[in-house]
Amino acid sequence: MSIELHHDQLTDPVPTGRQLHVGRPNLGPREELDRLIDGIYARRWVTNDGPLVRQLEDTLTQRLGVRHCIAMCNGTVALEIAIRALGLTGEVIVPSFTFVATAHALSWQGITPVFADIDPRTHNLDPSAVERVITERTTGIIAVHLWGRPAPVGELQSLADRHGLQLMYDAAHAFDCTVGGKRVGGFGRAEVFSFHGTKFFNTFEGGAIATDDDELAATARLMRNFGFSGYDNVIHPGTNGKMSEVCAAMGLVNLDHLDTVVKENRRAHTTYTNLLRDVPGVSVVQPDPGEAHNHQYVVLEVDNDRASRDGILARLHANDVLARRYFWPGVHRMQPYASADPKAGERLPVTERLAAGILVVPTGPSVSDSDIERVVSIIRDAVDGRP
Ligand code: T4K
């Protein structure tokens, strides 16, 4: 396969230091982190199942209401380990409208991701579309709780049970979100979180597998540390998926301040919703009522018949607002998937339409209401065709 490298002017603007970003890290107080780092220095224990990682795992296990939470070096490796620990092979059904890691975690280990279309309202896997692509090679489904909105967990579980398939979740966006009042973390055989710096809850880099399955948890723990059971006893294939102590320290600090982050995220979401209400062709995606939500992303849906998503994006970038068109163009149009199945788009009409119309705008505690007023006035000018 030949590798095509290119620099896209629209999505790779030159950094100026004045920009408003999507994905600004939420960092808890420096003094609290310093105190934990002092302990790391005192113990001279920096990784390999250290005390801060264990403390983080215990805290997360309780918070998520699951039996096990296994901290990992990042969400992608956590996905790879969960996939392998579940014994998935052959074909696994995933959405294409997601970050590429969902599919890469499969193809990296020789499993074929098969893309199913999504629900136009929720942006999550549509169970009937999933059912249409099941074959005799299918062994599982990985659903994504996109933007933190939980996938249809009940319908997907009955579908998986009916066809004898494994079901797991990519919960990278859904920390502290609920479905039917129950926190994401305990659905399917396993749920995988990302604690990357850009996420609602971050450990700089990090991730975790949450599960109620004792055997799966034990296997994942072995796989995370090269399959070691004791000092020189390797009893399982494995890799290096360990979280470091400094990452766990950041996580422990950040966990104590998530209430403030969610309040600020909600404030920003409400401000965008109110200010964009009368802008034709642009709407703010709303979470399900009555459920807890982290509001990590403010997602705009642009109706390209009435406004131009890419026109708005170019105008925002020209004004130092680094909005993102996540998850353009859809994983099925990325390599190696585009070459493997060039016609996949024909069975993914909703994915194709949404990928062309979504815009994610800067939010979070570092984005003030007056920043949002500025962002919205740029959007309004772009839609109205004003220079
Ligand atoms: N599954 C799903 C559904 C995911 O969304 C992700 C990750 C994964 C799995 C895999 O989890 P990890 O292996 O990453 O734990 C970013 C993140 O790197 C990625 O974690 C995330 N999803 C994805 C949605 O966003 P990029 O390629 O957009 O990153 P980048 O470098 O362009 O940064 C994004 C924005 O954040 C920019 O506006 C700059 C800003 N930023 C970023 C960093 C790292 C900062 O302001 N400070 C920072 O330190 O992927």
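Does F175 fit the bill of being at negative phi, part of a loop (DSSP other than H, G, I, E, B), more than 15 Å from the ligand (Cβ to nearest atom) and in contact (Cβ under 8 Å) with a residue 12 or more places away in the chain? Criteria not met by F175.
Of the residues making up the stretch 142-172, just one is assigned to a loop (DSSP other than H, G, I, E, B), in contact with a Gly (Cβ under 6 Å, 6 or more places away or on another chain) and more than 11 Å from the ligand (Cβ to nearest atom), namely L165. Any idea how many residues of the stretch 282-301 are touching a strand residue (DSSP E or B) at 6+ places or on another chain (Cβ under 6 Å) and either among the basic types (K, R) or more than 22 Å from T198 (Cβ to Cβ) (or both)? Qualifying residue count, the stretch 282-301: 3.
Please work out if R324 is in contact (Cβ under 8 Å) with a residue 12 or more places away in the chain, in contact with a Gly (Cβ under 9 Å, 6 or more places away or on another chain) and within 12 Å of the ligand (Cβ to nearest atom).
In short, yes.
Condition check ((1) farther than 30 Å from S128 by Cα; (2) within 16 Å of the ligand (Cβ to nearest atom); (3) not assigned by TED's automatic domain parsing to the domain that holds V375) across all residues:
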position: S308; (1), (2), (3): yes, no, no
position: L313; (1), (2), (3): yes, yes, no
position: W328; (1), (2), (3): no, yes, yes
position: D341; (1), (2), (3): no, no, yes
position: R347; (1), (2), (3): no, no, yes
position: R353; (1), (2), (3): no, no, yes
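Cβ-Cβ contacts under 7 Å between residues 6 or more apart (or on different chains), taken from a first residue in the stretch 19-31 that is touching a residue at least 24 places away in the same chain (Cβ under 8 Å) to a second residue that is near the ligand (Cβ under 9 Å from one of its atoms) and part of a strand (DSSP E or B), are listed as Q19/L322; L20/L322; H21/L322; V22/L322; V22/R324; V22/V360. Scanning the stretch 202-226 for residues that are away from the ligand (no atom under 11 Å from the Cβ), buried (at least 24 other Cβ atoms within 10 Å of the Cβ) and not in a helix (DSSP H, G or I) gives I209, A210, T211. Of the residues that make up the stretch 36-46, is at least one more than 20 Å from the chain's Cα centre (by Cα) and either buried (at least 20 other Cβ atoms within 10 Å of the Cβ) or modelled with pLDDT under 95 (or both)? No.
Scanning the stretch 81-93 for residues that are more than 15 Å from T211 (Cβ to Cβ), crowded, with 19+ Cβ neighbours inside 10 Å and either near the ligand (Cβ under 10 Å from one of its atoms) or small (G, A, S) (or both) yields a total of 0. Take F193 and tell me if it is surrounded by fewer than 21 Cβ atoms within 10 Å (Cβ to Cβ), within 14 Å of the ligand (Cβ to nearest atom) and within 20 Å of the chain's Cα centre (by Cα). So F193 does not fit the description; no. Just one of the numbered conditions (1) modelled with pLDDT of 95 or more; (2) within 16 Å of the ligand (Cβ to nearest atom); (3) assigned to a loop (DSSP other than H, G, I, E, B); (4) under 25 Å from Y272 (Cα atoms) is not true of Q335: (4). Taking the criterion of being within 22 Å of N254 (Cβ to Cβ) and surrounded by fewer than 18 Cβ atoms within 10 Å (Cβ to Cβ), the only residue of the stretch 147-185 that qualifies is T178.
Is the stretch 283-296 home to any residue that is at negative phi, crowded, with 18+ Cβ neighbours inside 10 Å, touching a Leu at 6+ places or on another chain (Cβ under 9 Å) and assigned to a loop (DSSP other than H, G, I, E, B)? Taking every residue of the stretch 283-296 in turn, at least one turns out to be at negative phi, crowded, with 18+ Cβ neighbours inside 10 Å, touching a Leu at 6+ places or on another chain (Cβ under 9 Å) and assigned to a loop (DSSP other than H, G, I, E, B). Going through (1) more than 21 Å from A249 (Cα to Cα); (2) more than 16 Å from the ligand (Cβ to nearest atom) one by one, G188 falls short only on (2).
Every condition in (1) under 18 Å from G148 (Cβ atoms); (2) modelled with pLDDT of 95 or more; (3) not assigned by TED's automatic domain parsing to the domain that holds L64 holds for N304 except the one numbered (1).
Among the residues of the stretch 348-387, the one identified as in a helix (DSSP H, G or I), under 30 Å from M334 (Cα atoms) and free of Cβ contacts under 8 Å to residues at least 60 places away in the same chain is E352. In this structure, W108 does satisfy being in contact with a helix residue (DSSP H, G or I) (Cβ under 8 Å, 6 or more places away or on another chain) and either assigned by TED's automatic domain parsing to the domain that holds D213 or within 11 Å of the ligand (Cβ to nearest atom) (or both). Have a look at R121, R132, R149, R162 and point out the one that is under 30 Å from S283 (Cβ atoms) and free of Cβ contacts under 8 Å to residues at least 12 places away in the same chain. When all the criteria are applied, what remains is R121. Residue check: E57 meets all listed conditions (1) over 29 Å from E352 (Cβ atoms); (2) more than 14 Å from the ligand (Cβ to nearest atom); (3) of a type outside the set (K, R); (4) buried (at least 23 other Cβ atoms within 10 Å of the Cβ) but one, namely (4).
The values are calculated or read from the model by the stated rules, or taken from the named source; none is laboratory data. A quick note: this is a predicted structure, and the numbers were derived from the prediction, not measured. Cβ: placed from backbone, ideal geometry, glycine included. Neighbour counts: every protein chain shown.
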